[in-house]
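K.L.:
Have a look at this one before I ask anything.
The values are calculated or read from the model by the stated rules, or taken from the named source; none is laboratory data. The structure displayed is predicted, hence computed values, not measured ones. Glycine also receives a Cβ, built like all others from the backbone with ideal geometry; neighbour counts cover every protein chain displayed. Surface accessibility is based on the protein's heavy atoms, side chains included, excluding ligands, DNA and RNA. Shrake-Rupley method; radii C 1.70, N 1.55, O 1.52, S 1.80 Å.
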Amino acid sequence: MIVTLTMNPSVDASTSINQVVPDHKMRCREASYKPGGGGVNVARAVHRLGGESLALFTSGGLHGQLLSQMLEKEGVSHQSIPIEGQTRENLIVLEESTGQQFRFDMPGPHFIESDWERCLEQLNSLTVEPTYIVASGSLPPGCPKDFYARVVTVAKKWNVRVIVDTSGEALQLAADAGVYLLKPNARELEELVGREIANDEAIEAAALQLIDEGRTEVVIVSLGGEGALMITKEGAERIQAPDVNVVSVVGAGDSLVGGIVYSLAQGRSLRQSVQFGVAAGAAAVMNPERELCKREDTERLFASMTKGITGE
């Protein structure tokens, strides 16, 4: 079983307006709402690809209830973990006259100790032993920076593979605990090793340093439209993304992770799984914001990649 954990989920409201003007009342178009947060989106991507996962996420107030309702409607298996504060709402506004997008991400509710302790308890009390745990997304205020490291400690009692996709000190401390897979971008990798990274060779050297230090077994460095670099102790390989028509890049990273963990759970090799993840990320950018990847697009792109043919 794939379990995703999201400590700072969100309800993402998207709307548009002709022009953003300061100090004026701006009348927006009708808003649409989608579930948000790294692990939540990974679980949604796994579900879209035909897999089974369990999304664990914190939930507070009306926004928490709405998040559960939206996941229920999508058919994503989930368990909410009650917290004292209100689940955050993010706002995305498209300025139609320029095509610019304005994203307003809220910090999230301030956790008290019992909030994050309850999350570890729920993870500990799972009745079915997971195969993979994906800890993804930011940590809310008040949550200890080593929270994902604590998740790794819980996972080790089952000998479960942990995949971490976060940033900053939370990423550093999770790596210190020793995980299966890290998915940083180039900037986050620089922060992990404490030096500037200028090219693929430097990325490989930095990732191999993390592997040699026992902080991770696999590093997948996302390169946006250029695909991803896969680094293991055997070396590095660039997985080139297929050429597609880009509609929105939002959700591509979560689709990449979802594609990788789904494919691993299906028994594919690591290389094939990373290829499938890159295909899922490319499929996501073909769709409107937060629609994530579609199974048919992902499988078509994956087939074209494994045959050496460029996808459309």
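K.L.:
Treating only the Cβ of Lys, Arg, Asp and Glu as charged (+1, +1, -1, -1), what charge dipole size does the chain show about its Cα centre? Round to the nearest 20 debye.
P.N.:
My answer is approximately 640 debye.
K.L.:
Just how large is the dipole of the range 105-154 about the Cα centre, in debye to the nearest 20, putting +1 at every Lys and Arg Cβ and -1 at every Asp and Glu Cβ?
P.N.:
80 debye
K.L.:
Taking only protein heavy atoms and a 1.4 Å probe, what accessible area per residue, in Å², does the range 155-291 have with all protein chains in place?
P.N.:
40 Å²
K.L.:
Over 21 Å between Cα atoms, which of 34/294; 34/73; 156/294 qualify?
P.N.:
156/294
K.L.:
Taking every DSSP beta bridge with both residues inside the range 1-159, roughly what % is antiparallel (nearest 5)?
P.N.:
30 percent
K.L.:
Arranged from highest to lowest average of other beta-carbon atoms within 10 Å per residue, in what order do the peptides 204-211, 19-26 appear?
P.N.:
Most protected by this proxy first, the peptides run 204-211, 19-26.
K.L.:
Let me cross-check residue 237: its accessible surface, 1.4 Å probe, with only protein heavy atoms counted, in Å² to the nearest 10?
P.N.:
Accessible surface of residue 237 is approximately 60 Å².
K.L.:
Given H placed 1.01 Å from N in the peptide plane, which residues other than close sequence neighbours of residue 112 have an amide H under 5 Å from its amide H?
P.N.:
Amide H to amide H, under 5 Å and 5 or more residues apart or across chains, residue 112 pairs with 84.
K.L.:
Further question: Could you compute how much accessible surface residue 249 exposes when probed at 1.4 Å, giving the result in Å² to the nearest 10?
P.N.:
Only protein atoms counted, so the area is about 100 Å².
K.L.:
Hand me the trypsin sites (Lys or Arg not before Pro) from the range 123-189 located in a DSSP loop with no more than 15 other Cβ atoms within 10 Å, in residue order please.
P.N.:
When the trypsin sites (Lys or Arg not before Pro) of the range 123-189 are filtered for loop state and at most 15 Cβ neighbours within 10 Å, 145, 157 remain.
K.L.:
On to the next question. If I ignore ligands, DNA and RNA and count only protein heavy atoms, how much of residue 307 is accessible to a 1.4 Å probe, in Å² to the nearest 10?
P.N.:
150 Å²
K.L.:
Here's something else I'd like to know. Per residue of the chain, what 222 nm ellipticity follows from adding -39500 (n - 2.57) for every DSSP H run with n ≥ 4, rounded to the nearest 500?
P.N.:
So the helix-based figure for the chain works out to -12000 deg cm²/dmol.
K.L.:
Within straight cross-link reach of residue 157, meaning Cα distance under 27 Å, which lysines are found once same-chain residues fewer than 8 apart are removed?
P.N.:
Straight-line reach from residue 157, under 27 Å: 145, 183, 233.
K.L.:
Please list, or write none, the aspartates and glutamates whose alpha carbon is within less than 19 Å of the alpha carbon of residue 307, excluding same-chain residues fewer than 8 places away.
P.N.:
226, 237, 243, 296, 297, 299
K.L.:
For the chain, just say rounded, prolate or oblate: build the C-alpha gyration tensor, square-root its eigenvalues into a ≥ b ≥ c, call rounded for a/c under 1.5, and beyond that prolate if a/b exceeds b/c, oblate if not.
P.N.:
It is rounded, given that a/c, with a ≥ b ≥ c, falls under 1.5.
K.L.:
Now for a separate question. Mind checking which of 171, 77, 198 is farthest towards the positive end of the chain's charge dipole, using Cβ charges of +1 (Lys, Arg) and -1 (Asp, Glu) about the Cα centre?
P.N.:
Result: 77, furthest along the dipole toward the positive end.
K.L.:
Looking at the chain, send over the antiparallel percent of its DSSP beta bridges, to the nearest 5.
P.N.:
Close to 35 percent.
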